[in-house]
1. Which chymotrypsin sites (Phe, Trp or Tyr not before Pro) in segment 1-72 pass both tests, a DSSP loop state and at most 15 other beta-carbon atoms within 10 Å?
2. Which shape class, rounded, prolate or oblate, goes with segment 46-107 when its Cα gyration tensor gives a ≥ b ≥ c as root eigenvalues, a/c under 1.5 marks rounded, and past that a/b bigger than b/c marks prolate?
3. Please list the non-local residues whose amide H lies under 5 Å from the amide H of Glu171, H modeled 1.01 Å from N, same-chain partners needing a gap of 5 or more.
4. In whole Hz and in residue order, list the ³J(HN,Hα) couplings for segment 222-229 that follow from phi through the Karplus curve 6.51 cos²θ - 1.76 cosθ + 1.60, θ = phi - 60°; x for Gly and Pro.
5. Report ³J(HN,Hα) in whole Hz for each residue of segment 147-161, in order, from the Karplus equation J = 6.51 cos²θ - 1.76 cosθ + 1.60 where θ = phi - 60°; Gly and Pro get x.
6. List, in order, the whole-Hz ³J(HN,Hα) value for each residue of segment 58-67 obtained from phi through the Karplus relation with A = 6.51, B = -1.76, C = 1.60 and θ = phi - 60°; use x for Gly and Pro.
7. Please list, ordered by chain and number, the residues whose modelled amide H lies under 5 Å from the amide H of Ser209; skip anything fewer than 5 residues away on the same chain.
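Bear in mind that the values in this text are calculations on the coordinates, not laboratory data. In this text the structure is predicted, and so the values were computed from the model without any measurement. No Cβ is skipped: glycine too gets one built from the backbone with ideal geometry, and neighbour counts run over all protein chains shown.
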Amino acid sequence: MFSKILVPVDFSTCSKNALRLAVDFASKNQSQLTILHVYSAISAQNLPEEIAKDNLIKDLESYTSEISMLTSIHYELEVQLGLAADVIIEKSAAFDLTIMGTRGEHGVIDRLIGSVALRVIEHSSTPILVIPEHLQTISFDKIVFAADFKKIDHLSNLDSLRELALRYDSELHLLNVNESPEYLTEEEGDEALELHRFFKDVNHAFFFSQNKDIEKGISTYAHEKDIAVLALMPRKHAFLQSLFHQSITEDLAMHLNSALLTFHE
């Protein structure tokens, strides 16, 4: 589980924080890290590609030297020319997990997850763990999986979530936010039963929250229950874009104190 982890960094404080937490995670799970920096032709200042890469590798070595635990795990440094989201999406296919940091300074959606992270979540075929800049520690004691009880074609895409919960002996909260949570259609009931069977060996329970605003219902629940990790399987062009649309309020963005773990549908 998570034997190979990709950690994109951009030399910012928030990506260093995510890297520090990624190193801690890798150490506990005997994972191998690839620390990736994606640069543009403009940032290379017209230098030949090899010289630009050599310079950036030196910068990465300096950037990572302050993380003492890094020497206790197997890792490699890599730099690549291109558009950050595109390169990360392509590279992530060869990894079991991508861990990214996000900072809060360019508007609401960037404050919540960041535009690059949003695109990676939408298009990556592997799990993504997004760590908000203010999160200094990460615990997997409590994980909430926000489920809409719609048919999941490949439950095997949640294998990593199940294995993670087993490894950390997590409380897994299967949360459904609905305007009328007391009423489930037959299809939704069948899907809930499938989830129950899938997570049979995990300490899990179902929880229901009544709220017309799905994203507010999820974040309020996570905040009130002191949830460490919020797990989602975003539905492309629907649930994800609803959850992280520009119209989401600043107050909601500032109160999401959990790490975000997403799985490809």
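1. Here the chymotrypsin sites (Phe, Trp or Tyr not before Pro) that fit, given the DSSP loop and packing criteria, are Phe11.
2. The shape class here is rounded.
3. Lys142, Ile143
4. After applying 6.51 cos²θ - 1.76 cosθ + 1.60, I find 4, 5, 5, 8, 6, 7, 7, 9 Hz.
5. Each residue of segment 147-161 in turn: 10, 8, 6, 8, 4, 9, 5, 10, 4, 4, 5, 9, 4, 5, 5 Hz.
6. These are the phi-based 3J(HN,Hα) values: 4, 5, 5, 4, 5, 5, 8, 5, 7, 9 Hz.
7. For Ser209, whose amide H was placed from the backbone, the distant partners under 5 Å are Asn176, Val177, Asn178.
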